[in-house]
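Working notes for the structure below.
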Amino acid sequence: MPLHSTHSFAELTEDDLFSQLDQETLPRHVAVIMDGNGRWASHRGLPRIAGHREGLVAVREVLNTCYRLGIPILTLYAFSEENWNRPQAEIDLLMTLLEKFLLQERQTFHERKTRFFPIGLLHKLPASTQELVHTIAQETEHFTDRTVVVALSYGGRSEIIDAANRLIDDMQCGKASGRVQEAQFERYLSTAGFPDPDLLIRTSGEARISNFLLWQIAYTEIYFTKTLWPDFRRRDVLLALLDYQKRDRRFGRLPHGVSPQNRL
Ligand code: FPP
């Protein structure tokens, strides 16, 4: 058993942190709200785009840490529906960065047998981005070892509404019938077939969900850190995982070892 305790991990090296992890109870699915790029840049007197560029370094670091640990599913919130309201120059740069990321990671996806799985209103992306996103999704769709889900032009509410509309369509044409069941509804979500996230990380000190995976995070453990996304590194992933492993995931049940009589 690892030495999980209440003491701070601050003084431990990365190797120490690795060795503290319990390999048996790592999350299967980690989701991340990557926040704080703009603040990281403005603290340095740089344009916001510099924060996004540095954010890409953090993306790679988190990806490589998940590969190394064998975490099968990583979901990244890269661009929300609301992000379309940002200045066009910033949107353009984010799309360019996404394309750069995909071109750079393409080979690693193949080497690591990783499926790239985009979710969101992809038809809203610029044509060149859409084409690359669809091409890499198609050429990696047969990989089952790992999945990198990237949420693009994504909003949790619109995902749920879209699922409901498609279910209604199927009911009207006789492909579905009866009263709606949770498991049935989930098959209409963009994440159908994937387990819900076990752990959701949000950086930058903000403690909100921002319309991300609203259905899927019903029982997800949430980890908020003050670290700004461009500063987020392997060590921060390990700290989040160690914190996650201290949680008692009860899914609405009583704590382990407590009989119902003790609780009354
Ligand atoms: C939020 O920070 C971050 C984003 C809106 C974009 C995230 C994109 C990246 C990390 C780079 C590209 C990612 C991939 C997967 C290719 P913010 O701009 O809202 O920061 P602020 O709250 O400090 O202003």
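Table for the structure above
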| item | result |
| --- | --- |
| Any pair with Cβ under 7 angstrom, 6 or more apart, that starts in the range 240-264 at a residue that is at pLDDT 80 or above and of a type outside the set (A, V, I, L, M) and ends at one that is assigned to a helix (DSSP H, G or I) and surrounded by 11 or more Cβ atoms within 10 Å (Cβ to Cβ) | Q245/T25 |
| The range 75-100: number of residues that are in a helix (DSSP H, G or I), more than 10 Å from the ligand (Cβ to nearest atom) and surrounded by 19 or more Cβ atoms within 10 Å (Cβ to Cβ) | 1 |
| Any hit, the range 57-64, residues being touching a Lys or Arg at 6+ places or on another chain (Cβ under 9 Å), near the ligand (Cβ under 10 Å from one of its atoms) and either of a type in the set (K, R) or more than 19 Å from V32 (Cβ to Cβ) (or both) | no |
| Any hit, the range 158-166, residues being within 13 Å of the ligand (Cβ to nearest atom) and touching a strand residue (DSSP E or B) at 6+ places or on another chain (Cβ under 9 Å) | no |
| All helices (runs of 4 or more DSSP H) inside the range 136-248 with 1 or more residues being over 26 Å from D22 (Cα atoms) and not hydroxyl-bearing (S, T, Y) | 156-172, 182-186 |
| Subset of the range 183-218 that is more than 16 Å from the ligand (Cβ to nearest atom) and of a type in the set (A, V, I, L, M) - its residue that is farthest from R235 (Cα to Cα) | A183 |
| Count of residues meeting criterion [more than 9 Å from the ligand (Cβ to nearest atom) and not in a helix (DSSP H, G or I)] in the range 33-53 | 4 |
| Flag if E111 is under 19 Å from A151 (Cβ atoms) and more than 9 Å from the ligand (Cβ to nearest atom) | no |
| Pairs where the first residue, in the range 162-182, is closer than 25 Å to I119 by Cβ and of a type in the set (S, T, N, Q) and the second is in a loop (DSSP other than H, G, I, E, B) and at pLDDT 95 or above, C-beta under 9 Å, 6+ apart | N165/Y188 |
| Search result, residues across the range 101-131 that are surrounded by 13 or more Cβ atoms within 10 Å (Cβ to Cβ) and part of a helix (DSSP H, G or I) | F101, L102, E105, R106, T108, F109, H110, L122, K124, T129, Q130 |
| From the options R179, R112, R146, residue that is among the basic types (K, R), at pLDDT 95 or above and over 19 Å from L76 (Cβ atoms) | R179 |
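The values are calculated or read from the model by the stated rules, or taken from the named source; none is laboratory data. In this text the structure is predicted, and so the values were computed from the model without any measurement. With ideal geometry, Cβ positions are generated from the backbone for all residues, glycine too; neighbour counts draw on all protein chains shown.
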